[in-house]
1. From the phi angles alone, apply the Karplus equation (6.51, -1.76, 1.60; θ = phi - 60°) to segment 318-325 and give each ³J(HN,Hα) in whole Hz, x where the residue is Gly or Pro.
2. How much FRET efficiency would the formula 1/(1 + (r/R0)^6) give for Ala286 and Phe42, where r is the Cβ-Cβ distance and R0 is 51 Å, rounded to 0.05?
3. Tell me the per residue accessible area of segment 159-412 using a 1.4 Å probe; a whole number in Å² is fine.
4. Would you grab the residues whose amide H sits under 5 Å from the one on Ala323? Only those 5+ places off in sequence or on another chain, please, with H modelled 1.01 Å from N.
5. Could you compute the FRET efficiency for His60 and Lys173, with r as their C-beta to C-beta distance and R0 at 30 Å, rounded to 0.05?
6. Please check the chain for the longest run free of GluC sites (Glu not before Pro) that are loop-located per DSSP (anything but H, G, I, E, B) and have at most 10 other Cβ atoms within 10 Å.
7. Lys/Arg Cβ at +1, Asp/Glu Cβ at -1, dipole of the chain taken about the Cα centre: which of Tyr257, Val207, Ala152 is farthest positive-ward?
8. Pairwise over distinct Cα atoms, reciprocal of the mean inverse distance: report the Kirkwood radius of segment 316-414 in Å, one decimal place.
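The values are calculated or read from the model by the stated rules, or taken from the named source; none is laboratory data. Since we're looking at a predicted model, the values are computed, not measured. All Cβ positions, glycine included, derive from the backbone under ideal geometry; neighbour counts span all protein chains shown. Calculation scope for accessible area: heavy atoms of the full protein, side chains included, ligands and nucleic acids excluded. Shrake-Rupley method; radii C 1.70, N 1.55, O 1.52, S 1.80 Å.
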Amino acid sequence: MMRDFSQAEIEEEERYFHNVMETFRQYASYSLAANNRRRKDFYTLPLEDRQLLDELGYKHKLDEVDRAILTNAEFLKEVVQDPEIFGHDEEKYEHGDETVSAIDGHTGESTHDHSHPHSHDGLNAGHPHSHGPPLTLGPGSHKPRRYRPTDADMDKLRSTLKQFVRDWSAEGKTERETCYKPMEDALVAHFARVPVEERWLSLRVLVPGAGMARLAWNIAKLGFACQANEFSHYMLLASHFILNRTTEVEKHEVYPYVHSFSNLRDRPSLLMPVRIPDVLPSSLPANSDFSMVAGDFEEIYGDEESPAEQWDAIVTCFFIDTAKNIVNYLRILHRILKPGGVWINLGPLLWHFENNATNEPSVELDLGEVKALASKIGFELHNERTVETTYVNHKQSMLGYVYHAAFWCATKQA
Ligand SMILES: C[S@@+](CC[C@H](N)C(=O)[O-])C[C@H]1O[C@@H](n2cnc3c(N)ncnc32)[C@H](O)[C@@H]1O
């Protein structure tokens, strides 16, 4: 049984959810303002310089970026159209339709986005309990004033657009083949004795930190009963939209790379449209058992009163380094796995809470130490190897990170 949440915790959660909704709603004005900064900078230049830039079509490029931002905004508006499923009362907050203005007074994004693709400040560290300043009441109003998204909020939203590419576009296929395929193959190989048509009845797979849920969906498509777990509202809103509200392959067009002009070879790489989804999410077999559980992995599965030994397999992709205390993560994985069950892992060790701003305790082990810890906790590692992979990579960028990610399968010793 999970502990009961206090009224204050429930309100804090509701307020955070509202802030995320406002970030989606204010994407257009924020992003157009950031692009408009470029326009303003252009007019500070000497006439001669402006003429040269005009000949390159620089101003025209800014107009094209505006159009791409508006297309993204339409899409993001659809994503948050019916948040009722999340059970929060949005009516008590001040909001409205987005006023699309390029001079909204936002400071806009920083020109040099050095943020790492799998970064500490992106959506990955989006812990639901530490978000933004408290809301204040407007004059004569009983509703709190409209929330003003921070640069960090918008960063998470921009990362969400890129995560759509990783999980639900044809462009993300290479990355998925590199990361998800070896995990799926290992899962199938481990349970080769079970006939395909019986998988959903007898084999339960958990995917913690599921992001936009493509890996979990693929596992359900293979016939396993699969549960995805995720706590970021950005990811939950996006995956809810994709899984439950998308009716056509390639229905939506987004421009994930229009927010930064750095490290681009040419205009098409800035204005690259991506269509989503590449598959119909509703195309799972009729008897499939696929669910998404919202909430903190440690709170949901780490509760000592919740039943142990529930899962035949646990699949973690770019997840274990989100731990503040990796000992607790591994203990939970071990406790909830059935004896003989398998934990399949792929990912780097970019400890999300290393040097965090709120002084949360963080344990940061090297790979050898993580493996030694896993053995001590009761796992036997096999199939270990290194997988070279990108994460939300823009193929046409002049900058790219490659992770030398660790892959392993680990069986729970009885
Ligand atoms: C780096 S992303 C990886 C997402 C996905 N597995 C993939 O490979 O694309 C890590 C994910 O774990 C989620 N996450 C981090 N800590 C979590 C926690 N304690 N409980 C549930 N989800 C968590 C983050 O919100 C994020 O979506």
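1. 6, 10, 5, 7, 7, 6, 7, 10
2. Working: r = 57 Å, r/R0 = 1.11.
Using R0 = 51 Å, I get an efficiency of 0.35.
3. Working: 10210 Å² over 254 residues.
Normalised by residue count, the accessible surface of segment 159-412 is 40 Å².
4. Amide H neighbours of Ala323: His352.
5. On the way: r = 32 Å, r/R0 = 1.07.
Once the sixth-power term is evaluated, E becomes 0.40.
6. On the way: sites that count: Glu248, Glu304, Glu305.
With a cap of 10 other Cβ atoms within 10 Å, the longest stretch comes to 1-247.
7. Checking the options against the dipole of the chain, the answer is Tyr257.
8. Values: mean 1/r = 0.0686 Å⁻¹.
The answer is 14.6 Å.
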